[in-house]
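The values are calculated or read from the model by the stated rules, or taken from the named source; none is laboratory data. Just so it is clear, the structure is predicted and the values come from calculations on it, not from any experiment. Counting neighbours? That spans all protein chains shown, and the Cβs are built from the backbone with ideal geometry, glycine included. Note: areas computed on protein heavy atoms with side chains; ligands, DNA, RNA excluded. Shrake-Rupley method; radii C 1.70, N 1.55, O 1.52, S 1.80 Å.
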Amino acid sequence: MTIPPSLDPANFHSPLREQFEVFLDEHRSAMHDCLNGLTEEQARRSLVASKTTLLGLVKHATFVEMAWFDEAITCRSRAEIGMPATPDESFDLDDGDTIASVQHAYREACAASRKATATLTLDDILRGNRRGPLPLRWVYLHVLRELAQH
């Protein structure tokens, strides 16, 4: 059995930034992989009293990445970025959404997030969020909470 990077003793004392990124990437992988092995019908099936589906959930996670690591960093509008206006809309599936297309978009959003934060420190302030200026460390924790709760 492979030990997850977050449980590898070598990571216990690594810099805080690295620890955040290891935990985020583990949750990002789990979100991405929740669609593996499903049929398109299964991925679109709603099992709760909301419009939440696994496919919609991964699509929402793409929105989360874009909101926190594009909008919050660049201060561009959601319209400029090409993302839904609200979190609720981010769960909406189009006829063209497939497991492959949604996973691809999510992988691209995660890669863009890593690139956008590569030169930032945990104390850098992100000014493009609707809550107001927030340090990157808070954003990392919030995105981790978003992924973990879903």
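A few notes on this one:
- Some residue of segment 38-52 being touching a residue at least 12 places away in the same chain (Cβ under 8 Å), closer than 21 Å to residue 145 by Cβ and buried (at least 19 other Cβ atoms within 10 Å of the Cβ): no
- Scanning segment 95-125 for residues that are touching a helix residue (DSSP H, G or I) at 6+ places or on another chain (Cβ under 9 Å), open to solvent by 70 Å² or more (accessible area, probe 1.4 Å), among the acidic types (Asp, Glu) and assigned to a loop (DSSP other than H, G, I, E, B) returns a single hit, 123.
- Only residues that are free of Cβ contacts under 8 Å to residues at least 24 places away in the same chain and either open to solvent by 70 Å² or more (accessible area, probe 1.4 Å) or outside any helix (DSSP H, G or I) (or both) were counted across segment 2-31, and they come to 13.
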